[in-house]
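The structure appears below as structure tokens.
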Amino acid sequence: MTTRPRPSGRPRLRLMLGVGTVAIVGTMLLAGFHTQLSELRPDDRSDEASELVTPAIVGIRTFLPAGDVQIDEDVEYATELDGTPLTLDVCSPAEATPTATATASAGAEAAAAQTESATPAATDSADAADDADADADDSASAELRPAVLSIHGGSWARGDKANSDWRTVCEWLASEGFVAYSVNYRLVPDVVFPAALDDLTAAVSWIRDDDNAEKYGIDPDRIGAFGGSAGANLAAVLGATGSGPLTDGARVAAIAALSGPVDLTYDGLVSIGASDSLQQIAREYVGCDSLQDCDAATEASVADALDRTDPPVFIATSEQEYVPLVQSTDYADALADLDIDHELVTVPGTLHSIGILDEAMRARVATFLHRYLGI
């Protein structure tokens, strides 16, 4: 197995840093929901077109937001070199209290300062300060929330964080107690791989920045990613990027991937008989005329980049959907080979991505994310 380094050497972006650390769960989709085996190319190609191309009330559309989520729209996390901003929306639980978090953090710092000033003779005082420090740290940690990076899909070529279905994903994640970051990233044909991945690593770094983490009351050590379809690919590859602690840089601590095309190589698509349209979408994304001997296709796939330090993964897919089932089962097998915690859920039918995110699936995803990111 090879380990893919964090893509920090080709930043065509300026990261908008200014604050702290975060826990993120990313949401993403390749092309959206499909009630039948159709191409991932809806007639409406506008950026904000929903990826769920059926008018049916299925998947995420069965979630009814309570209307009490706090939404901070169009927050700039980076800029392209030409000055074009890259933005995300932040969905916070209604009961989130960043001010209380900051107060608890200040108490922890004060206790730490008291401990440092204690003299060797003041053993009892030093012990008391240590206890106060630990109590304050526990209080601050209890106030902080995990974060979810939500990444829309759309064949890596369309989609928007603010379309109605992805806005609902953002609000659903917030209703589960996560601070959700619904992110936009650069799209084909303006760019090819690894531009979208670079954008996501920039977004994670921005979220983890101390000031930004404090602003939204998140724990930078508890960042996850949620994605569907193309977004699931990006979430999976993001999770396999880098090595070592899941609390550093652009590392994330948990992944949820729905209907992800996680192997874009010749063997992963052509050899298994994936549809011509899916092969074309992959070629356009990686910028190769053929997937054979295409290094970018390998780099945009997950299996060869995995190592034992990578985060737990939740995988879900329909049994007869657009992205071949073997993509998900092989991904689960690769995780099992490395003893990486994972869960694979398959459902009957042809629904794709957040089209399978009904009440039962939402419960399973939320349970998984809470298990590894906390509450």
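What follows draws every value from the coordinates through simple rules; no lab data is involved. Just so it is clear, the structure is predicted and the values come from calculations on it, not from any experiment. As a convention, Cβ positions derive from the backbone with ideal geometry for all residues, glycine included, and neighbour counts pool all protein chains shown.
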Practice prompt. Quick one: order Lys215, Lys161 by neighbouring beta-carbon count within 10 Å, fewest to most.
Written response: Lys215, Lys161
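To the nearest 20 Debye, how big is the dipole of segment 263-335 about its Cα centre, given +1 on the beta carbon of each Lys and Arg and -1 on that of each Asp and Glu?
140
Which of the trypsin sites (Lys or Arg not before Pro) across segment 244-326 are loop residues per DSSP, with 13 or fewer other Cβ within 10 Å?
Values: sites: Arg251, Arg283, Arg308; in loops: Arg251, Arg308.
Here the sparse-neighbourhood loop sites are Arg308.
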Response to the item:
Label model pair Asp72, Arg371: point-to-point distance (7 angstrom along the Cα→beta-carbon line) in nm is 3.1
Item to complete: Provide the per-residue ³J(HN,Hα) series for segment 154-171, in order, calculated from phi with Karplus coefficients 6.51, -1.76, 1.60 and θ = phi - 60°, each as a whole number of Hz, with x at glycine and proline positions.
Response: x, 6, 6, 10, 7, x, 7, 4, 9, 5, 4, 6, 6, 4, 5, 4, 4, 5
Practice prompt. Run the dipole for segment 314-375 about the Cα centre, Lys and Arg Cβ at +1, Asp and Glu Cβ at -1, nothing else charged, and hand back the magnitude in debye, nearest 20.
Written response: 300
Worksheet, complete the sentence: Once both label points are put 7 Å beyond Cα along the C-beta direction, the Asp211-Gln280 separation in nm becomes 4.7
Worksheet item: Tell me, what HN-Hα J-couplings in whole Hz come from the Karplus equation 6.51 cos²θ - 1.76 cosθ + 1.60 at θ = phi - 60° for each residue of segment 261-266, using x for Gly and Pro?
Response: x, 8, 10, 9, 6, 4
Fill in: Packing-based ranking, highest mean first, of 340-346, 366-372, 295-301, 354-360 given that Cβ atoms within 10 Å are counted
354-360, 295-301, 366-372, 340-346
Item to complete: State the extension gain, in nm to one decimal, for the chain segment bounded by Ala363 and Thr329, taking 0.36 nm per residue of separation less the distance between their alpha-carbons.
Response: 10.1 nm
Worksheet, complete the sentence: Residue-ordered couplings for segment 212-221, obtained by feeding phi - 60° into the Karplus form 6.51 cos²θ - 1.76 cosθ + 1.60 and rounding to whole Hz (Gly and Pro as x), are 5, 5, 5, 4, 9, x, 10, 9, x, 8
Item to complete: Based on other C-beta atoms within 10 Å, arrange Cys91, Cys170 from fewest to most.
Response: Cys91, Cys170
Fill in: Test item: Cα-centred dipole of segment 238-375, Lys/Arg +1 and Asp/Glu -1 on Cβ, debye
580
